[in-house]
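K.L.:
This is the structure I want to talk about, given as structure tokens.
All of the numbers you see were taken from the coordinates with simple rules; none came from a lab. These figures come from a predicted structure and were not determined experimentally. Counting neighbours? That spans all protein chains shown, and the Cβs are built from the backbone with ideal geometry, glycine included.
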Amino acid sequence: MNSALAQSTLANCGLFLTASWEVFSAPTVTSAQGNIAYSVAVGESFSEPTNTSRSYIAAESGTPNKRVPNLSLIPSAVVRLDLELAAAASTGTIITVETDIPRAFPDTGRIYVGMELILVRKTGTRTFEVISRGASGSQTQFHPRGTPVSDTGYTVSLRVSSGSVAPITSEKPLLLYRIDTNAPTTPGTLTSASSGAPGFRAPGARGAAAQVSASGIFPISWASSTDDGSGVVMYEIQEKIDTNPVWSPLANISARTADGALVTNYTVGGDPRNPTESPRESGKFYTYRIRAFDAAGSPSAWAVQAVPVYVGDLDSLETISSVSNYPNPFDSRKEKTTITYLLNGDSEVNIKIYDLFGFKVAEFSYGAGTAGGSFGVNNVEWDGTDGIGNKVSKGGYVAAIQAKGDKVVTVMRKIGVIH
């Protein structure tokens, strides 16, 4: 039997922990000894392998993994080593961390450094003094700069056993978990570079915030996310085209480069980190959103790009186009419908909604350059109420959407209300 080397990792749930292993060669047993069985336990240290789960929990026969349920695990306060800690470092060695030590850490007691437990006393806002290494059954190890240091941790141990006749029993620690239930912060404002940056050209009078790419290859950037617990490890980027409401996966990229620098940019249409990238199709608007993941697997909220990028020749765009709404029909008791359209420049927009007898039931106006009247993709909602706030009757309605840009154009759209 073998498993991944014992390692420290993180989880985002304090109710259960999961372990898995790989069996290369099972022990040889006689028929009297019975079958080999695997079981898993959770404890607070290597010398206390079951004091959290209370016992070893049997895995199903032939299944090389086990979830240990019904736990009550305390989230860890985590800092990281600012200087490496040598395996030979002994009593009196000073451990320095990157940030101020949280209150949760003991003034004197054990801390979890990587997979090792160390008895320490706190000597400063960012320093501990070693009392003894390899505490509570752990092994003394070398710890590089950046190794997580926490006030709590939970060991997951695997036991291999046979029947009661000449029994075989072997126990091995698999993992040391730290519990991180906090999500990363939302990445800072997601933007495309200014119009003068490579990949972009000036939009003229279309709109102050407009972004236009002739080549279909252009950069997007964001301010990095942070996570004081397990740290940010990855960004997920998604893309939306024109007025389509569906976001499509684009790329998952590491939050740091190989030398540790923060990653805050991506080149749409030609990023070397994504071999599937190709220049974007001309004649369309592209919008992006991004979120961060920490090492425990928790995602941040999405940061959405405020201004889409148009690829191609602006002169081919109509004053207003791609008018639609979704859902259609819609139940105004439960939801709203989103009226969506493209504008070829900042424009004054007026939307009037009529019933089938020609009576106006609602009206909305948006100034040029504001939400609803901006270059590119615009989305406005109607909740199915009339001008005085009453729900309209079920049936068919017509939205007249007028844009005053380089021309004055009105487009009609049928909307169904069901309730």
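K.L.:
Stick to Cα atoms and the Kirkwood definition of Rh, then tell me Rg/Rh for the range 78-150.
P.N.:
0.90
K.L.:
Something else about it: For the range 191-314, treating each Cα as an identical point scatterer without solvent, what Debye log10 I(q)/I(0) comes out at q = 0.10, 0.11, 0.13, 0.22 1/Å?
P.N.:
Reported log10 I(q)/I(0), two decimals: -0.32, -0.38, -0.53, -1.31.
K.L.:
Are there trypsin sites (Lys or Arg not before Pro) in the range 347-413 that DSSP marks as loop and that have at most 16 other Cβ atoms within 10 Å, and which are they?
P.N.:
Passing sites in the range 347-413 are Lys394, Lys407.
K.L.:
Would you kindly calculate the mean projected area, averaged across all directions, of the convex hull enclosing the Cα atoms of the chain, in square nanometres?
P.N.:
Quarter of the Cα hull surface area: 28.8 nm².
K.L.:
Count the net charge of all other residues whose Cβ sits under 13 Å from the Cβ of Gly229, scoring Lys and Arg as +1 and Asp and Glu as -1.
P.N.:
Taking every Cβ under 13 Å from that of Gly229, the sum is -3.
K.L.:
Using just the alpha carbons, could you tell me how many Å³ per residue the convex hull of the range 317-417 encloses?
P.N.:
Dividing the Cα hull volume of the range 317-417 by its residues yields 84 Å³.
K.L.:
Among Ala362, Ala77, Ala41, whose mean-square fluctuation peaks in a Gaussian network model of the chain (Cα, cutoff 10 Å)?
P.N.:
Ala362
K.L.:
Something else about it: Between Lys172 and Ala223, what length in nm is gained on full extension when 0.36 nm per residue of separation is reduced by their alpha carbon distance?
P.N.:
14.1 nm
K.L.:
So between Asn252 and His419, what do we pick up on full extension, going 0.36 nm a residue minus the alpha carbon distance?
P.N.:
Full extension from Asn252 to His419 adds 56.0 nm.
K.L.:
Would you please give the FRET efficiency between Ser215 and Thr99, computed as 1/(1 + (r/R0)^6) with r the Cβ-Cβ distance and R0 = 60 Å, to the nearest 0.05?
P.N.:
Using R0 = 60 Å, I get an efficiency of 0.90.
K.L.:
Between Arg80 and Val263, what length comes free when the chain is fully extended (0.36 nm per residue of separation minus the Cα-Cα distance, one decimal in nm)?
P.N.:
Net length gain for the segment: 63.9 nm.
K.L.:
Oh, and also: So which aspartates and glutamates can Lys334 reach, going by Cα to Cα under 18 Å and dropping same-chain residues fewer than 8 places off?
P.N.:
Glu381, Asp383, Asp386
K.L.:
Excluding Pro299 itself, calculate the net charge of residues whose Cβ lies under 15 Å from the Cβ of Pro299, where each Lys or Arg counts +1 and each Asp or Glu counts -1.
P.N.:
-2
K.L.:
Excluding Ser324 itself, calculate the net charge of residues whose Cβ lies under 13 Å from the Cβ of Ser324, where each Lys or Arg counts +1 and each Asp or Glu counts -1.
P.N.:
Net charge in that neighbourhood comes out at +1.
K.L.:
Where in the chain is the longest stretch that carries no GluC sites (Glu not before Pro) classed as loop by DSSP and with at most 16 other Cβ atoms within 10 Å?
P.N.:
Segment 99-280 is the longest.
K.L.:
Can you list the lysines whose alpha carbon is less than 19 Å from that of Lys336, not counting same-chain residues fewer than 8 positions off?
P.N.:
The qualifying lysines are Lys352, Lys360, Lys391, Lys394, Lys414.
K.L.:
Work out which chymotrypsin sites (Phe, Trp or Tyr not before Pro) in the chain are exposed loop sites (DSSP not H, G, I, E or B, at most 11 other Cβ within 10 Å) and give the longest gap free of them.
P.N.:
It works out to 25-356.
K.L.:
Based on the alpha-carbon set only, what is the convex hull volume of the range 37-76 divided per residue, in Å³?
P.N.:
For the range 37-76, the hull spanned by Cα atoms encloses 83 Å³ per residue.
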